[in-house]
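The values are calculated or read from the model by the stated rules, or taken from the named source; none is laboratory data. The shown structure was predicted, so the numbers you read here are calculated from the model rather than taken from an experiment. A quick note on method: Cβ atoms are made from the backbone with ideal geometry, for glycine too, and the neighbour counts reach across all protein chains shown.
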Amino acid sequence: MERRTFLKTVSAALYTAVAAVVALPAFRFLTDPLRRKKSSDAFLRATPIDALSADRPTRVTLVADRWDAFIHHPPGPIGSVWLNPAVDGAPPKCLQVICPHLGCGIEYTPDRGAFYCPCHDSEFDLNGKRRHGPSPRDMDELPCRVTDPDETGLRWVEIQYTEFR
Ligand code: FES
């Protein structure tokens, strides 16, 4: 091999190595939001199951890390759910607070024994089934599970939080 050819080959290899050292971290940085696990895939710890009311739905606010593309925000409230009373330790029914109609917050009304949206008068039974009003569907149900006891003996309700907008 001629000396000139050898130097060209070595130079090209060095340039390629330097370009890779710069490009790989840049690629990883730029694609980070795409590679980050969506928060809706994760089960979030909501409340100890013993903290739920035994005779009426309990409203729980979920707290989690929040990402805005590349910006990380410290843990804060990301949404709320209604948890129905748990029966025999089974996971309680978990219903999204956001109304399927236009997104107002659904309330629980003990007088009616039902969920009620004050914005346009949609009403849902305790299983989230639509009774009347303009809501196009039942309340949205979210996946929910109960953990084994932790080191303090608490069993936690965990929820896979999603907003259906
Ligand atoms: Fe709930 Fe319209 S937003 S009924």
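When ASP111 is tested against the conditions (1) farther than 16 Å from ALA46 by Cβ; (2) within 16 Å of the ligand (Cβ to nearest atom), the lone failure is (2). Only one of the numbered conditions (1) buried (at least 20 other Cβ atoms within 10 Å of the Cβ); (2) within 16 Å of the ligand (Cβ to nearest atom); (3) small (Gly, Ala, Ser) is not met by SER80, and that is (1). In the set ASP41, ASP68, only one residue is within 27 Å of ARG137 (Cα to Cα) and loosely packed, with under 10 Cβ neighbours inside 10 Å; that residue is ASP41. In segment 140-159 there is no residue that is over 20 Å from the mean Cα position of the chain (by Cα), surrounded by fewer than 19 Cβ atoms within 10 Å (Cβ to Cβ), within 11 Å of the ligand (Cβ to nearest atom) and in a loop (DSSP other than H, G, I, E, B). Taking the numbered list (1) at pLDDT 90 or above; (2) not in a strand (DSSP E or B) in turn, ALA54 passes all entries but (1). Applying the selection to segment 1-36, what residues are within 19 Å of TRP67 (Cα to Cα) and among the β-branched types (Val, Ile, Thr)? The answer is THR31, and nothing else.
Among residues of segment 120-131 that are under 17 Å from SER53 (Cβ atoms) and surrounded by 14 or more Cβ atoms within 10 Å (Cβ to Cβ), none has a beta-carbon under 9 Å from a residue that is among the β-branched types (Val, Ile, Thr) and at pLDDT below 95 at least six positions away or on a different chain.
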